[in-house]
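Participant: Before we start, here is the structure in question, set down as structure tokens.
The values are calculated or read from the model by the stated rules, or taken from the named source; none is laboratory data. These numbers come from a predicted model, not from an experiment. Here the Cβ positions follow ideal geometry from the backbone for every residue, glycine too, while neighbour counts run over all protein chains shown.
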Amino acid sequence: MAAAVLLAALVLADFRPPRAQTLLPSFAEVVERVAPAVVNISSTREVSAGRDIPVPQFPPGSPFEEFFREFFERERQQRERRSFSLGSGFIIDPAGYVVTNNHVIAEADEITVILYDESEYRARVVGRDPKTDLALLKIERPEPFPYVTWADSDRVRVGDWVIAIGNPFGLGTSVTVGVVSARGRDIRAGPYVDFFQIDAAINRGNSGGPSFTPDGKVFGVNTAIYSPSGGSVGIGFAIPSNLARRVIESLMEKGRVVRGWLGVRIQTVTEDLARALGLERPKGALVADVVAGAPAEEAGILAGDVILEFDGRPIQRMRELPRVVAETPVGEEVEVVVWRRGERLRLRITLGELPSDEELARVPRRGEEAPAALAEVEELGIVVALLDEELRNRFQLPEGAQGVVVVRVDPGAPAAAGGLRPGDVILEVDQEPVGSPPELLARIYAARSQGQRTVLLLIDRGGDLQFAAVPLRG
């Protein structure tokens, strides 16, 4: 009997509730400390439901004139509406600087910031950066505002706790908790942001709000969700604080974001291109074109180079390069490692400032008639370019022509001996299709490195397809 009682006690002991220290942590103290610095944002703008209704013309003194004028004026006013946008933000300075998403306040006529204690303040826009979807606002009062500080997002790991505070659906300050699900997510939101993925519930209205570490520092700006239904399914995305802090500091100091600029157009290194270029595996960013007069051109970077490292940081994927370059201070000299014709080269480059979109559109090309994506193929003695409308008109090529067009053939070069002429469109090299100058360079390099003395080109000459056997130089 005693043995049975002892056994029962042991069984019951196995089902006792866990001790308090094994329970999930409480974030109440952290939330109490940081929540006063998290704000709700309401923005409004005037919109018109349609064009003004024309008022009919009546003879002077007509008894209907005043009646219809008042009627149509009421109709016009009723067609005007105020559009409301609700979002979140957080104060980063006791002087009243507020961080939020650009899309929360875009095109707003009025912006109101509502604090935790429900006090309201009219806000002005200090600066906006649509490329990262960040904006900086300013509110005013005599006494200092509560504020929060940035965390080092590089130290945040997958599996770490995340506390999200915001204004979902305009309900007011709400707190959700989860973990960091992934780092470096690309959600096609521009070239400068790799997002955190978090599973703390965020919904419409959380945009611009902070994601906190357990010690109450901001490591991310909640920006987007993946949701087939429009509600939270546990997949949210936040801008890393290290990026957000640099953007916000630039907005605070200059009212705009200053970014480094290399001046190249790049493409992905595929497995086929990696093999053709002699790389062990696909990595880096393949230079498709170098902007005339840009820092890259002055440093000697060429179309067909593969950028493997930038300022000591390996470039594993093409999309990493624009972000790394943009984060580098303007005027700083850095080392760039490129892969060129089977060799690693180290080049020194001094970064310029990224021009505005309007300025980039006006960047001059290499010459009066020179197209973008120009490359010199030394082994053949030709200069080629990506076919565009200008070249199609210049060489009177068919409307549907596509590929790499020969724009210059050096006299006495192998290409001249092989019968190539300006205006020929190269479609294949050794029966492998090529769609850009870097791809053509890669195929030619592969052929030479394999000991070939001649390459077989498929060319389109005025709509007629023909093969040309062209010897390789050197």
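Participant: Any chance region 390-400 includes a residue that's in contact with a Leu (Cβ under 7 Å, 6 or more places away or on another chain) and not hydrophobic (A, V, I, L, M, F, W, C)?
Facilitator: Within region 390-400, not a single residue is in contact with a Leu (Cβ under 7 Å, 6 or more places away or on another chain) and not hydrophobic (A, V, I, L, M, F, W, C).
Participant: How many of the residues making up region 327-339 are under 23 Å from PHE195 (Cβ atoms) and either free of Cβ contacts under 8 Å to residues at least 40 places away in the same chain or in contact with a helix residue (DSSP H, G or I) (Cβ under 9 Å, 6 or more places away or on another chain) (or both)?
Facilitator: Of the residues in region 327-339, 1 are under 23 Å from PHE195 (Cβ atoms) and either free of Cβ contacts under 8 Å to residues at least 40 places away in the same chain or in contact with a helix residue (DSSP H, G or I) (Cβ under 9 Å, 6 or more places away or on another chain) (or both).
Participant: Moving on to the next point. Would you check which residues across region 315-326 are farther than 18 Å from GLU271 by Cα and touching a strand residue (DSSP E or B) at 6+ places or on another chain (Cβ under 7 Å) and list them?
Facilitator: LEU321, VAL324, VAL325, ALA326
Participant: Could you figure out which of (1) in contact with a Ser or Thr (Cβ under 7 Å, 6 or more places away or on another chain); (2) more than 15 Å from ALA135 (Cβ to Cβ); (3) not basic (Lys, Arg) isn't true of GLY209?
Facilitator: That leaves (2) as the condition not met.
Participant: I've got another one for you. Can you pull out every residue in region 431-474 that is hydroxyl-bearing (Ser, Thr, Tyr) and within 25 Å of GLY412 (Cβ to Cβ)? Write out each step before concluding.
Facilitator: The first filter runs over region 431-474 and keeps only residues hydroxyl-bearing (Ser, Thr, Tyr), leaving 436, 445, 449, 454.
Of everything in region 431-474, those that are hydroxyl-bearing (Ser, Thr, Tyr) and within 25 Å of GLY412 (Cβ to Cβ) turn out to be TYR445, SER449, THR454.
Participant: Among the residues of region 123-139, which ones are among the charged types (D, E, K, R) and touching a Phe, Trp or Tyr at 6+ places or on another chain (Cβ under 7 Å)?
Facilitator: Result: LYS131, LYS138.
Participant: Filter region 403-443 down to the residues that are of a type in the set (Val, Ile, Thr) and within 30 Å of the chain's Cα centre (by Cα) and list them by number.
Facilitator: Of everything in region 403-443, those that are of a type in the set (Val, Ile, Thr) and within 30 Å of the chain's Cα centre (by Cα) turn out to be VAL404, VAL434.
Participant: Sticking with this structure for a sec: Any chance region 255-272 includes a residue that's in contact with a helix residue (DSSP H, G or I) (Cβ under 9 Å, 6 or more places away or on another chain), over 30 Å from GLU298 (Cβ atoms) and of a type outside the set (Asp, Glu)?
Facilitator: No.
Participant: Inspect region 204-225 for any residue being closer than 28 Å to GLU298 by Cβ, in contact with a helix residue (DSSP H, G or I) (Cβ under 6 Å, 6 or more places away or on another chain), of a type outside the set (Val, Ile, Thr) and touching a residue at least 60 places away in the same chain (Cβ under 8 Å) and give the result as yes or no.
Facilitator: No, because not a single residue in region 204-225 is closer than 28 Å to GLU298 by Cβ, in contact with a helix residue (DSSP H, G or I) (Cβ under 6 Å, 6 or more places away or on another chain), of a type outside the set (Val, Ile, Thr) and touching a residue at least 60 places away in the same chain (Cβ under 8 Å).
Participant: Another one. Which of the numbered conditions does GLU143 fail, given that it passes all the others? Conditions: (1) over 25 Å from the mean Cα position of the chain (by Cα); (2) in a strand (DSSP E or B); (3) among the charged types (D, E, K, R).
Facilitator: (2)
Participant: Another question, then. Scan the strands (runs of 3 or more DSSP E) fully inside region 171-285 and keep the ones with 3 or more residues being surrounded by 15 or more Cβ atoms within 10 Å (Cβ to Cβ) and of a type outside the set (Ser, Thr, Tyr).
Facilitator: Hits in region 171-285: 174-185, 195-198, 218-225, 236-240, 264-268.
Participant: Continuing with the same structure: Please verify whether ASP186 is at pLDDT below 95, of a type in the set (D, E, K, R) and under 18 Å from the mean Cα position of the chain (by Cα), treating the condition exactly as stated. Spell out how you get there, then give the answer.
Facilitator: Working: at pLDDT below 95: yes; of a type in the set (D, E, K, R): yes; under 18 Å from the mean Cα position of the chain (by Cα): yes.
Judged against the criteria, ASP186 is a match.
Participant: Return only the number of the condition from (1) modelled with pLDDT of 85 or more; (2) on the phi > 0 side of the Ramachandran plot that TYR97 does not satisfy.
Facilitator: (2)
Participant: Let me ask another. Report the residue count in region 95-130 for those that are farther than 18 Å from ASN222 by Cβ and either of a type in the set (Val, Ile, Thr) or part of a loop (DSSP other than H, G, I, E, B) (or both).
Facilitator: 14
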